[in-house]
Amino acid sequence: MGLTLIHLISIPVTNTSVNPARSTGVALFAEGGWALQQLWLFWLAPLAGAAIGAVIYQALLAED
C-alpha cells in the first residue's frame, strides 16, 4: 500500500523513481552532475530501511 501511495502521489508530480536501478540509469545519462550527486540516497535509503526493519523484527518478534 505504501508503494502504491508513493506512485500515485509522487510520479505525476516529480516523475520520481523508487527503484534504485532505474534511478542509476537515468542519473548516468542526465545532463549535469546533480543527479549523480544525489544518487547515493537511492541506494542507501532501502538498505538502511532493511537494516532498521531487521533490528525491529529481532527486538519484537524473535523467540529466545
Which shape class applies to the chain: rounded if a/c is under 1.5, otherwise prolate when a/b exceeds b/c and oblate if not, where a ≥ b ≥ c are the square roots of the Cα gyration tensor eigenvalues? oblate
State the Cα centre-to-centre distance between the stretch 1-37 and the stretch 40-64 in whole Å. 22
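For the chain, what % of the accessible area comes from carbon and sulfur atoms, probe 1.4 Å?
Reported share for carbon and sulfur atoms: 71 percent.
The values are calculated or read from the model by the stated rules, or taken from the named source; none is laboratory data. On a predicted model such as this, the values are computed, not experimentally measured, just so you know. SASA here: full protein model, heavy atoms, side chains in, ligands and nucleic acids out. Shrake-Rupley method; radii C 1.70, N 1.55, O 1.52, S 1.80 Å.
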